[in-house]
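Trainee: Please read through the structure below; I'll follow up with questions.
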Amino acid sequence: MVVVESFRAARNLGEGVVGLVPTMGSLHAGHISLLEEARRGADTVVMSLFVNPLQFEDDSDLARYPRDLQHDLTLAYEAGVDVVFAPAMEEMYPPGHRTRVNVHGTADHMEGAHRPGHFEGVATVVTKLLAGLRPNLAFFGRKDAQQLSVVTRLASDLSIPVEIIGCQLIREPDGLALSSRNVFLDDEGRKIALGLSGGLFAAADLVEEGVRSGGILEGEVRRASPEAQFEYVRLATQEDALPTEEISEPCFLAAALRVGSVRLIDAVFFDVTDGDVHVDRGRRLET
Ligand code: AMP
């Protein structure tokens, strides 16, 4: 495994099919599953590691974002990463940079409505990674459901020759979606946080029983977790993350919850094949 800081060095190390896994570090089993998927599909696995200030709307959130380079490098090595691209700020955003990428509509609702500027930051850094590293494949988690729609849309609209691959959401054995921010939850917070996955699973049960109405599903999440203060609960299309009233195409049900100073998001996916709806709740780690 080689660790490099420049786009050029990372690009020059790519041989055969290059698979990119963008991360902000603080790796956990969710990231590892993306790396494993990349390892299966690519000859060269490149993992980027960059805490992107443009996508944080709050300086204190950025300042306390967990960072542990040595731990990340060990896990990346064990997962079979070939190249770690860990750029300094000046490599990613040289003085005088001005360009921003906006994915109108896809970035407007849910996370976009509650975190102004967030998706502009995500879209800008992902565009730079795709343009600067030129991977054939890029892997993103279904954990960040709307982000996956934003990234897929920008790659298509900007004619970037990459295949975006959405990977299954990985959960703790109790159902909580793995997140770098979970370290900030105490025991009490964790109990409240479980209302997020619990509510989404209750709605997923209804879908398996044949319910297709967004209103009923959104109501079920709130009914199943009455103590949870959701920022939003929304059924949206996978293609463009647009709110929808019914599962008549591939969709996801996404929700955000604030637990003290920690903000958590989660989603369950509804895939549609030949008119049949298949529920993807993600995969739970074993105890
Ligand atoms: P982050 O480091 O949080 O920016 O995440 C990097 C990538 O890992 C993104 O594509 C996320 O969607 C993905 N990811 C984060 N948590 C999970 C999880 N629990 N399961 C699957 N993918 C995840």
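Trainee: Antiparallel versus total DSSP beta bridges in the chain: what percent is that, nearest 5?
Mentor: Details: 24 of 45 bridges.
Of all bridge pairs located within the chain, approximately 55 percent are antiparallel.
Trainee: Taking the chain as a Gaussian network, Cα atoms linked when under 10 Å apart, which of 188, 172, 208 shows the biggest mean-square fluctuation?
Mentor: 188
Trainee: While we're here: I need the phi-derived Karplus couplings for the stretch 247-252: 6.51 cos²θ - 1.76 cosθ + 1.60, θ = phi - 60°, integer Hz, Gly and Pro marked x.
Mentor: For the stretch 247-252, the Karplus-derived couplings read 7, 10, 8, x, 9, 9 Hz, x marking Gly and Pro.
Trainee: Moving on to the next point. For the charge dipole of the stretch 27-89, defined by +1 on Lys and Arg C-beta atoms and -1 on Asp and Glu C-beta atoms about the Cα centroid, which residue among 63, 49, 75 has the Cα displaced farthest towards the positive pole?
Mentor: Farthest along the dipole direction, towards plus: 75.
Trainee: Top mean-square fluctuation among 106, 74, 44, Gaussian network model of the chain, C-alpha springs under 10 Å?
Mentor: Sorting by GNM fluctuation, first place goes to 74.
Trainee: Relative to the compact globular guide of 2.2 N^0.38 Å, what is the alpha carbon radius of gyration of the chain, as a ratio? Could you put the intermediate results ahead of the total?
Mentor: Working: Rg = 18.5 Å, N = 287, 2.2 N^0.38 = 18.9 Å.
Cα-based Rg divided by the globular estimate yields 0.98.
Trainee: Distances longer than 18 Å among the Cα atoms of the stretch 1-110: what percent of all pairs is that? Walk me through the numbers on the way to the answer.
Mentor: Values: 3357 of 5995 pairs.
Considering the stretch 1-110, 56 percent of its Cα-Cα pairs are separated by more than 18 Å.
Trainee: Ranked from highest to lowest mean number of other Cβ atoms within 10 Å per residue, what is the order of the peptides 214-226, 135-147, 54-66?
Mentor: On the way: 214-226: 17.8, 135-147: 23.4, 54-66: 13.5.
By packing density, highest mean first, the sequence is 135-147, 214-226, 54-66.
Trainee: Please get the size of the charge dipole for the chain, origin at its Cα centre, with Cβ charges of +1 on Lys and Arg and -1 on Asp and Glu, quoted in debye to the nearest 20. Intermediate values should be presented prior to the final figure.
Mentor: Details: 27 positive and 44 negative charges, 129 e Å.
The calculation lands at about 620 debye.
Trainee: Let me ask another. Roughly speaking, what is the stretch gain from residue 272 to residue 156, that is 0.36 nm per residue apart minus the C-alpha to C-alpha distance, in nm to one decimal? Present the calculation step by step, with values, prior to reporting the outcome.
Mentor: Numbers: separation 116, 0.36 × 116 = 41.76 nm, distance 2.13 nm.
The span from residue 272 to residue 156 would gain 39.6 nm if fully extended.
Trainee: In whole angstrom, how far apart do the alpha carbon centroids of the stretch 1-57 and the stretch 107-177 sit?
Mentor: A separation of 14 Å, based on Cα centres.
Trainee: Shifting gears a bit: Roughly how many nanometres apart are two label points built 7 Å out from the Cα toward the Cβ at residue 287 and residue 58?
Mentor: 3.3
Trainee: Moving to a separate point now. Along the charge dipole of the chain, Cβ charges K/R +1 and D/E -1, which of 211, 156, 118 sits furthest on the positive end?
Mentor: Towards the positive end, the residue furthest out is 118.
Trainee: For the stretch 82-151, what class follows from the C-alpha gyration tensor (a ≥ b ≥ c being the square roots of its eigenvalues): rounded when a/c is under 1.5, otherwise prolate if a/b is larger than b/c, else oblate? Could you put the intermediate results ahead of the total?
Mentor: Values: a/c = 2.17, a/b = 1.31, b/c = 1.66.
Judged from the Cα gyration tensor, the stretch 82-151 comes out oblate (a/c at least 1.5, b/c at or above a/b).
Trainee: Out of residues 5 or more away from residue 167 or on other chains, whose amide H comes under 5 Å of its own, with H placed 1.01 Å from N in the peptide plane?
Mentor: Those qualifying (amide H under 5 Å, at least 5 residues apart or on another chain) are 140, 141, 142.
Trainee: Right, something else. May I ask for log10 I(q)/I(0) of the stretch 137-287 at q = 0.10 Å⁻¹, from a Debye sum over the Cα atoms as equal point scatterers with solvent left out?
Mentor: Log10 of I(q)/I(0), two decimals: -0.34.
Trainee: Taking the Cβ of residue 189 as the centre, find all other residues whose Cβ is under 11 Å away and add up their charges (Lys, Arg: +1; Asp, Glu: -1). Walk me through the numbers on the way to the answer.
Mentor: Working: positive: 181, 190, 191, 258; negative: 186, 187, 188.
Spelling it out: positives minus negatives among the neighbours equals +1.
Trainee: Please list 3J(HN,Hα) in residue order for the stretch 16-22, calculated via the Karplus relation 6.51 cos²θ - 1.76 cosθ + 1.60 where θ = phi - 60°; whole Hz, with x for glycine and proline.
Mentor: x, 6, 9, x, 10, 10, x
Trainee: What are the semi-axes of the equivalent ellipsoid of the stretch 59-211, taken as the square roots of 5 times the eigenvalues of the Cα gyration tensor, listed largest first and rounded to whole Å?
Mentor: Numbers: eigenvalues 161, 93, 62 Å².
Three semi-axes, in Å: 28, 22, 18.
Trainee: Rounded to whole Hz and in sequence order, give me ³J(HN,Hα) for the stretch 26-34 from the Karplus expression 6.51 cos²θ - 1.76 cosθ + 1.60, θ = phi - 60°, writing x for Gly and Pro.
Mentor: For the stretch 26-34, the Karplus curve yields 6, 5, 9, 4, x, 5, 4, 5, 5 Hz.
Trainee: Further question on the same structure: Count the DSSP beta bridges whose two residues both fall in the stretch 1-148, then state the antiparallel fraction as a percent rounded to the nearest 5. Write out the running numbers ahead of the final one.
Mentor: Values: 0 of 14 bridges.
DSSP beta bridges in the stretch 1-148 are roughly 0 percent antiparallel.
Trainee: Moving to a separate point now. Go ahead and set up a Gaussian network model of the chain, Cα springs under 10 Å, then flag whichever of 23, 273, 237 fluctuates most.
Mentor: Checking each option, the largest mean-square fluctuation is seen for 273.
Only the coordinates and a few stated rules stand behind these numbers; no lab work does. Here the structure is a predicted model, which means the values were calculated and not measured. When we count neighbours, we look across all protein chains shown, and the Cβ atoms used for this are built from the backbone with ideal geometry, even at glycine.
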